[in-house]
1. Sorted by accessible area (1.4 Å probe), largest first, how do 275, 695 line up?
2. Distance in nm between label sites at residue 743 and residue 566, each 7 Å beyond Cα in the beta-carbon direction?
3. Report the local net charge at residue 728: Lys and Arg +1, Asp and Glu -1, summed over other residues whose C-beta lies under 12 Å from its C-beta.
4. Probe radius 1.4 Å, ligands and nucleic acids left out: which of 335, 418 has the largest accessible area, and how do the rest follow?
5. I'd like the Karplus ³J(HN,Hα) series for segment 730-746: coefficients 6.51, -1.76, 1.60, θ = phi - 60°, whole numbers in Hz, and an x wherever there's a Gly or Pro.
6. Just to confirm my numbers, what's the Cα centroid distance between segment 366-443 and segment 232-290 in Å?
7. Using a 1.4 angstrom probe and counting only protein chains, how large is the accessible area of residue 711 in Å², to 10?
8. What's the local net charge at residue 250, with K and R +1, D and E -1, over the other residues with C-beta under 14 Å away?
Amino acid sequence: MVSTLGTAGAAAACVPAKAHQGSTLRPYYRARNGPTSASVVTVRPSSSAAHRSPCSSVHDRVRTVGREQGRLLSLGGGSGLDQNNRFVAGKGLVGSSSSNSREVSMQGVGGSSARVAVGRQRNSDTAVRSRLSGMGSSSSSSAFATGSTMHCGFGTKRSRARLVAGAPGRGWAVQAPRYGTRGVRAQAAAGEDGGAEANKMTLEEVKEMLNKPLERHTNLRKGSLANGLQYFILPNAVPPNRLEVHLEMHVGSVDEREDEQGLAHLVEHVTFLGSSKREQLLSVGRSNAYTDFHHTVFHVHAPVKSDDGKVLLPQVLEALDEIAFQPKFDVARIEKERRAVLAETQMMNTIEYRVDCKLLQQLHMENALGSRFPIGLEEQVKKWDRDALRRFHERWYFPANATLFLVGDFDGSVEDAEKMIEAAFGQVPAARLPPPAPNVPGDIKLRHAVRPPVVHALGVPDPSETAADVIPTPEAGAYVFQHPLLQQFSLSLFQKLPVLKMKTYADLRKTVMARFVVMALHFRISTRYAEPNPPFTFIEFDHSDSGREGCTVSTLTITSEPERWKEALRVALEEVRILHAHGITKAELLRYTTTAVRDSERLAEQEGSVPSIDNLDFVMESETLGHEVMDQQQGHEVLLQVLDTITLEDIKTVAQELLAYVAEYGTPLELRQCPTGGVCTTLVACVPATVVTESEDGSVSSEAPFQVVAKEIEDALCEKTGNVEAPTDVEVPDRLISTEDVAELMKRKPKFVPVDQPVGADGMDPKTAVTLRKLSNGILVNYRRTTNEPKGAMLRLVAKGGRTAEQLMV
């Protein structure tokens, strides 16, 4: 079972994405992260261990807490480099005991203040947010000065580490640095602001097109039963003869009362592992469950038919019905699962988790997300009896508070599947509210209209609220978390925003422009500061929305050696302020849009090859966030239309709104270049207690206390930076070798010669299906054809050498 801490990503309805790994941490969240729409930029000047924060390694180690079947399973997640030095957009995108919440006075910049409820936190911000995020929507982009390829997109997160942008994703994946149309290319050639002009669209035509609603995936069926249970059905043939069935109960740790912290997780354990019908499925499939902030999910992966030809979907649905609506609550089972949950609690007692919790506490100090972690409080977990579990179950486990997701190569039609759902769940009685009077039945009980049911202190006003309802959030002052186990300095600037529901062409257009801004920031930092001794370990910007947290969060994270934190902060501020003031260049727009068209076309051709689990996660997260779900072809067609309307001035406006909370930190709103950009809502520095210094020859080292105070950090953020001039536009060639040079090289008449090992007549190794060739100049060429990425290929050149070629010095 998985206990998740949630946070996620930013804005994309029609696309799935993965969360991030790299150097950001997000408190332990469940293993599987759903579609995300966010943007993340990570720049790492060096991938060596010396430059990595001890906290950031958590992304590579622990992400999941709990897992029912297979108890203590840990998965890697987040965005970072894989073993092939490629950037992986992690899953999504994720403890120990949590502290009681309390009300404290939060001091803002310039004397502003507010009283808020404090819970817990976390460590390397964006990373932490990734970990905490479960299935949020997020588009991440991380770049490293090592020359690695950047992958970004919306996709599944299996702990924010499964989807590499550019690889198949669930639903349609919008990939951050990749968008463009023939119209946009024409625009860039014709002038700076061509968009609509290049396609000769009038302003009214553009407005009409942008107001169009996004069309739902044509094969996605949504329905509900008379008792209130909702369901989604999506036929999907990958993998063949397999199906995914998830039952989502809309109850999580944020719904727990003061004396119930961890009860949602324990109920999940007992109901899932106490089901005899679930046990009967063990021989044919696999199942699991997890709990996070806003929901509890039970899922089954099974073949369509058993070995004797029996259709298994009815049996799977019956098992889920027993788990959710007919649990036994056997006393022996309760005690067994209590021990399991307590064991998970002990597993979470790490410095990474403590930092993650610190970050979450500060980010959500005004609501229960900062203190109601799914793992719960150890002292409370020890004391609940059977009646406590039953009361919690009766309060939250009812049909109208459940959503069933069925995706796969199931036997029969969608209508047949609907009949099976009705047969399994239709007899569960609807829950009712207390009767208003004797002999008068109470109304049918419905789920919360808002999930999770919390109120956020937003950095900008929620457009859905009237001016009279808006209470301005003060600009956040710095909070310093110091611990002897930390080795690096990490500063995170957060801004919480309302989720942009992806419903129209205009919503997608704004999301795409935000991606362009994030990618520009990433590439500028990676190219301008790829020096031998850069002052930062990594710089990351993340903009992502989270179904778990019910908000969008922008995060700038700067990590460095403790003694160089001011230099690292100055680098980040300079690049953010330049982009905030001038937007992106014509060449950058051309580069991103051209790549986008190519990748979007390839994704559209992959329609029908996306795994069922990815599609299911994407649909579930999109439903939570209120995004519309499109298939890859629909997404591609909409993208082509939207890109033709994007201009440099539009992107500059988005850059100003997106980055203002960092670029103009400390400046009164009425004096800002972009007052609508809002304020920084949380500012956290995670720093070591001591630093070790060495003499120039490395022979002597000394340890001294590391000292930094909140005011020093705030003042550094308010300092002016030197260079805020517009960057020079750099044209990037379409190809590295011209067609003329290629023609000249072909005059050398290259040819293949026999290889030195036995192969078939066609040169293929029968064991690996790899074709082995050798050029006349001795270069070996190995290749294998695959069908998983139409029009896509990966090329790697390996030169002999390395450490083994070095002469041994004695």
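1. Most to least solvent-accessible, the answer reads 695, 275.
2. Going by the 7 Å Cα→Cβ label model, 6.0 nm.
3. Once positives and negatives cancel, what remains is -1.
4. Ranked list, largest accessible area first: 335, 418.
5. Going residue by residue, I get 10, 7, 9, x, 5, 9, 7, 10, 5, 4, 5, 5, 5, 4, 5, 5, 5 Hz, with x marking Gly and Pro.
6. Cα centroid to Cα centroid, the span is 11 Å.
7. The accessible area of residue 711 comes to roughly 120 Å².
8. Residues near residue 250 contribute -2 overall.
The values are calculated or read from the model by the stated rules, or taken from the named source; none is laboratory data. In this text the structure is predicted, and so the values were computed from the model without any measurement. All Cβ positions, even for glycine, are placed from backbone atoms using ideal geometry, and neighbour counts span all protein chains on display. We work out accessible area using only protein heavy atoms, side chains counted, and drop any ligands, DNA or RNA first. Shrake-Rupley method; radii C 1.70, N 1.55, O 1.52, S 1.80 Å.
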